[in-house]
Amino acid sequence: MAGPTGRQSTVVGVVFIFLVGVIAVVALNVYRVDEFLKVWAVIGTLVGVATGAIPAFFFSADAANARAARAKAEERTHALLGATDPETFDRVCAANPLLFPNKEPVSGAAPGPALSPQTGDHTEGQGPDHAEGTH
C-alpha cells in the first residue's frame, strides 16, 4: 500500500487547521466568554491529540519513503556487485579498508593496484609500475 503524497498530507493539515478555526469562531459567536472557555476545555484535549497526530502522520510518511529509498539503493548495490568482476572488487576493497574490514580477496589472486575512491585511478605508489621508493 502506497503512502500519502505530499499534496494529500498538505490537504489533511490545512483541513485540520481550518476545522479548529471554525470551531473556535462558532463557539465564540454562540457562547459568552465563560461558556466558550468550558467548551474549549472539552475540545482542547481532542485538539491536543489531533495536533500530535498530524506530525506523526507526516513523519510516518517520511519514514516509509526513506525505507523504500534504502531498499532500492541496496537492490542497486547488490546488482552492481553481482556484475563486477572479482579483480575489480578486490581493488575497490583494498582502496576502501574502512568499508571492507578483514576482506579476503575474492579472485584467489593477490589484489591488484588499489583504485582511488574519488577518481577510479590507480593510487600513487600502489600501481604495478611503481616500485617501493622509486618514482
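Annotation note: chymotrypsin sites (Phe, Trp or Tyr not before Pro) in the stretch 29-71 located in DSSP loop regions with a Cβ neighbour count of at most 15 within 10 Å are TYR31.
Suppose R0 equals 35 Å; then what is the FRET efficiency for ALA24 and ALA73 from their Cβ-Cβ distance, rounded to the nearest 0.05? So the FRET efficiency works out to roughly 0.15. With neighbour counts taken as other beta-carbon atoms within 10 Å, the residues VAL25, VAL92 rank, fewest first, as VAL25, VAL92. Taking 7 Å steps out from each Cα toward its Cβ at PHE36 and THR88 produces label points 7.1 nm apart. Just so you know, the averaged projected area of the alpha carbon convex hull for the stretch 6-82 sits at 5.8 nm².
Readers should treat all values here as calculations from the given coordinates under stated rules, not as data from a laboratory. Worth saying up front: this structure is predicted, and the values here are computed from it rather than measured. Heads up, the Cβs are rebuilt from the backbone with ideal geometry, glycines too, and the neighbour counts pull from every protein chain shown.
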